[in-house]
Amino acid sequence: MLLATVEQALQRILERSYKLEAEEIELAEAAGRTLAEDIAADIPIPPFTNSAVDGYAVLSADTRHATSQQPVVLKILEEVSAGSLPTQTVRSGYATRVLTGAPLPAGADAMVMQEDTERAAGIVRILATATAGQHIRFAGEDVSAGEVVLTRGTVLRPYEIGMLATLGGSVFKAVRRPRLALFSTGDEVIEPLRGVVPPTGKIRNSNLPVLEALTLESGSQIHTAKHLPDDLFQIEAALLECCGGVDAADVIVAAGGVSVGDRDFVKPALERIGKMELWKIAMKPGKPLAFGSIGKTLFLGLPGNPVSVMVTWELFVRPLVCDLMGRNDYRRLEAEVVLQQDIMHRPGRREYIRAHISQGESDLTAEVTGNQGSGNVRSMLHANALLVIPEDAGALKAGSRVKALLIQN
Ligand code: AMP
Ligand code: MG
């Protein structure tokens, strides 16, 4: 069987993707969600012209000759703090004390910041010339009323949430979070409990916590998170349990049991109760990846080695989940980087080497993050990039330029 390339595999997976429906949500649940409607401004932002500084509202013409040696003296009309309103018009010879965020009084065309003034009883000395418009935030300078500021498909980061709140978007439509059923597998795998040393032959379960964290980070929700023994019937039962019904999982992600071992039962289970559409990809780590479906639920069986789980999630699960949410920003930034050490590679499969990229004098440089065995979780620590070593490449020397996917959010 000819192995699929990474691109072919991704294309097959995305062909089976669809758009999840929208639901109404509140601002407090907005982080990481995808907007499912356009949001227009109901008012201009800022809603009224106001001061950007603590200082004095003046007529700029009055301050034309002001210097610290020869200050211009103005009479203070009143004080306006944020949240209150001015009552008087500023005329020549007068100033109003205005605090940051308070409305600019009528008549004034500039703010003089406090640092450029001296105050005495009932008067203020202006020590510097003010230009018209300075330190003023004009109504609508950020957003005009009626303008569409946020469009459907936008991912809501804290920054977009700030804009939504500014626009009064307390309730709005967002794409439903994908429901992911997560399974780790293996008779050798035990729950990671602090202070409990695994007996010889057993290892702690790292894949399930990783899958849970990746799920939440992706903006998805955890439908199920469970460890399964290497038992065909228990695996089948667990997979079937999260498919079908109104609250079925949208995607199952299982780790382990998809290779050719006698006790790899995840792939056989998929073949028996669902449909397998793709198996084995010409990549390292992560060759034996199984993709298919069980009923309406899409299924991704990732190879069980901890680094394979992380890399295949990055390359296949993340794009799928983004697409389900209507996001098209799954593509990572790519950069050309300069290797700081030699890399072994035999032509055949494309390899994803974990590396730490930093800014060199004129180039980005890549330090490989230690032993690259697909069981070595440590190689992912401090990794902010995957170096893409082409299928046909041989060993690469230090100083070579390679492509890197920047995986840090
Ligand atoms: P498998 O794909 O099931 O053959 O597993 C490949 C390798 O990954 C084996 O060495 C497993 O022991 C290891 N492995 C599988 N599942 C886990 C897990 N949940 N946590 C840590 N290591 C695992
Ligand atoms: Mg296994």
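The values are calculated or read from the model by the stated rules, or taken from the named source; none is laboratory data. The structure presented is a predicted model; accordingly, all values stated were derived computationally and were not measured. Cβ atoms come from the backbone with ideal geometry, glycine included; neighbour counts cover every protein chain shown. Surface accessibility is based on the protein's heavy atoms, side chains included, excluding ligands, DNA and RNA. Shrake-Rupley method; radii C 1.70, N 1.55, O 1.52, S 1.80 Å.
Pairs are defined by a Cβ separation below 6 Å, a sequence spacing of at least 6 or placement on different chains, a first member in region 258-285 that is within 14 Å of residue 235 (Cβ to Cβ) and within 16 Å of ligand 1 (Cβ to nearest atom), and a second member that is open to solvent by 40 Å² or more (accessible area, probe 1.4 Å) and aliphatic (A, V, I, L, M); the pairs so defined are 270/276. Within region 192-233, the set of residues being near ligand 1 (Cβ under 10 Å from one of its atoms), open to solvent by 60 Å² or more (accessible area, probe 1.4 Å) and of a type in the set (Asp, Glu) is empty.
Test residue 223 against the stated conditions and say whether it is under 28 Å from residue 325 (Cα atoms) and within 16 Å of ligand 2 (Cβ to nearest atom). So residue 223 does not fit the description; no.
State whether the residues of region 61-80 include one that is farther than 30 Å from residue 213 by Cβ, acidic (Asp, Glu) and either in a loop (DSSP other than H, G, I, E, B) or within 39 Å of the chain's Cα centre (by Cα) (or both). No, the conditions are met nowhere in region 61-80. Pick out the one residue from 37, 24 that is under 39 Å from the mean Cα position of the chain (by Cα), part of a strand (DSSP E or B) and touching a residue at least 24 places away in the same chain (Cβ under 8 Å). Being under 39 Å from the mean Cα position of the chain (by Cα), part of a strand (DSSP E or B) and touching a residue at least 24 places away in the same chain (Cβ under 8 Å) holds for just one of 37, 24, which is 24. Of the set (1) closer than 30 Å to residue 163 by Cα; (2) among the hydrophobic types (A, V, I, L, M, F, W, C); (3) without any contact (Cβ under 8 Å) to a residue 12 or more places away in the chain, all apply to residue 121 but (1).
Residue-wise test of (1) within 16 Å of ligand 1 (Cβ to nearest atom); (2) in the same structural domain as residue 58 (by TED's automatic domain parsing).
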position	(1), (2)
110	no, yes
115	no, yes
125	no, yes
148	no, no
187	yes, no
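For the criterion of being open to solvent by less than 10 Å² (accessible area, probe 1.4 Å), out of contact with any Ser or Thr (no Cβ under 8 Å at 6 or more places or on another chain), within 16 Å of ligand 1 (Cβ to nearest atom) and not aliphatic (A, V, I, L, M), residue 316 passes.
Results for (1) out of contact with any strand residue (DSSP E or B) (no Cβ under 6 Å at 6 or more places or on another chain); (2) open to solvent by less than 40 Å² (accessible area, probe 1.4 Å); (3) touching a residue at least 40 places away in the same chain (Cβ under 8 Å); (4) of a type in the set (A, V, I, L, M, F, W, C), shown as yes or no for each residue.
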| site | (1), (2), (3), (4) |
| --- | --- |
| 356 | no, no, no, no |
| 360 | yes, yes, no, no |
| 366 | no, yes, no, yes |
| 371 | yes, no, no, no |
| 379 | no, yes, yes, no |
| 383 | no, yes, no, yes |
| 395 | yes, no, yes, yes |
| 404 | no, yes, yes, yes |
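The single residue among 400, 379 that is at negative phi, in contact with a Gly (Cβ under 6 Å, 6 or more places away or on another chain) and outside the structural domain of residue 32 (by TED's automatic domain parsing) turns out to be 379. Filtering region 248-278 to residues that are surrounded by fewer than 17 Cβ atoms within 10 Å (Cβ to Cβ) and assigned to a loop (DSSP other than H, G, I, E, B) leaves 260, 261, 262, 263. Taking residue 187 as the residue in question, decide whether it is open to solvent by 60 Å² or more (accessible area, probe 1.4 Å) and either touching a residue at least 40 places away in the same chain (Cβ under 8 Å) or closer than 17 Å to residue 314 by Cα (or both). In short, yes. Criterion first (in contact with a Phe, Trp or Tyr (Cβ under 7 Å, 6 or more places away or on another chain) and either of a type in the set (D, E, K, R) or open to solvent by less than 30 Å² (accessible area, probe 1.4 Å) (or both)) does residue 103 satisfy it? Yes.
Considering (1) assigned by TED's automatic domain parsing to the domain that holds residue 152; (2) at pLDDT 95 or above, the lone condition that residue 14 does not fulfil carries the number (1). Can you tell me which residues in region 299-311 are over 23 Å from the mean Cα position of the chain (by Cα) and more than 12 Å from ligand 2 (Cβ to nearest atom)? Across region 299-311, the qualifying residue is only 299. Every listed requirement among (1) surrounded by fewer than 18 Cβ atoms within 10 Å (Cβ to Cβ); (2) touching a helix residue (DSSP H, G or I) at 6+ places or on another chain (Cβ under 7 Å); (3) assigned to a helix (DSSP H, G or I); (4) among the acidic types (Asp, Glu) is met by residue 236 save one, (1).
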